[in-house]
Amino acid sequence: MIKRLFDIIFSFVGIALLLPILLIIAFLIKIESKGSLFYLQTRVGKHHKDFKIFKFRTMLVDSDKKGLLTLGDRDPRITKIGYFLRKYKLDELPQLINVLIGNMSFVGPRPEVRKYVNYYSKEDDIIFSVKPGITDYASISFRNEAELLKTTNNPETYYIEHILPEKLKLNKEYINSNNLFTDLKIIFKTFIIIIE
């Protein structure tokens with residue numbers, strides 16, 4: 001209950017305070033390429049329920065239908081403004097809407113697409129006992145994930161075999177120590193990374 005109240009208040013305040021930045025980003029996206037402002041992708045949330053996650057569109061229209069899900073920063077489908085937004089994680093800002101709606105929280109395991117959830121073990125199922133979040137231990141540890149994927153010959157295979165298992169391990173650690181203090185610590189670490 002306290003966490004939900006925190007999510008509602010801070011997502012509403014966040015949207016209000018960031019509105020000028022959100023409008024500038026929206027303008028830049030629209031003048032660079034045609035298509036929708038937001039990219040809605042189906043992710044797996046609490047209790048395995050699918051939901052639509054909001055992101056600013058960083059790729060050309062229908063790019064997700066033309067290749068692999070994970071290609072890193074070298075992906076030719078990414079727009080110029082898209083590279084910038086991804087570098088500073090600004091494409092994630094619309095997820096404040098998800099937090100306000102209630103299908104995400106500020107802190108929690110990052111939601112995956114169903115394709116990658118199929119690689120989870122039974123032990124990993126505990127991850128779906130909480131709401132997914134905008135940030136978590138895995139987001140902090142793999143903040144340079146795109147750079148890492150760029151160095152591999154097969155980004156998606158590398159993600160599935162090397163990155164995903166580590167993320168799942170960190171997610172389970174979060175579940176086992178899930179409390180307000182842990183959430184505040186993760187938010188603080190995320191903020192430090194953003195301003196560095």
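Some notes on this structure:
- Selected residue [among the β-branched types (Val, Ile, Thr) and in contact with a strand residue (DSSP E or B) (Cβ under 8 Å, 6 or more places away or on another chain)] from 175, 126, 140, 187: 187
- Residues in region 41-75 that are modelled with pLDDT under 65 and not small (Gly, Ala, Ser): 65, 66, 68, 69, 70, 71, 73, 74.
- Just one of the listed residues (35, 14) is out of contact with any strand residue (DSSP E or B) (no Cβ under 8 Å at 6 or more places or on another chain), farther than 21 Å from residue 101 by Cα and surrounded by 14 or more Cβ atoms within 10 Å (Cβ to Cβ), namely 35.
- Test: residue in region 30-47 that is over 29 Å from residue 83 (Cβ atoms) and in contact (Cβ under 8 Å) with a residue 12 or more places away in the chain: yes
- Looking at region 93-160, the helices (runs of 4 or more DSSP H) lying wholly inside it that each contain 3 or more residues that are out of contact with any Leu (no Cβ under 7 Å at 6 or more places or on another chain), on the phi < 0 side of the Ramachandran plot and crowded, with 16+ Cβ neighbours inside 10 Å sit at 95-101, 145-150.
- Summed over region 161-196, the residues that are in contact with a Phe, Trp or Tyr (Cβ under 6 Å, 6 or more places away or on another chain) and surrounded by fewer than 11 Cβ atoms within 10 Å (Cβ to Cβ) give a count of 0.
The values are calculated or read from the model by the stated rules, or taken from the named source; none is laboratory data. Source: prediction; values computed, not measured. Note: ideal-geometry Cβ built from the backbone for every residue, glycine included; neighbour counts use all protein chains shown.
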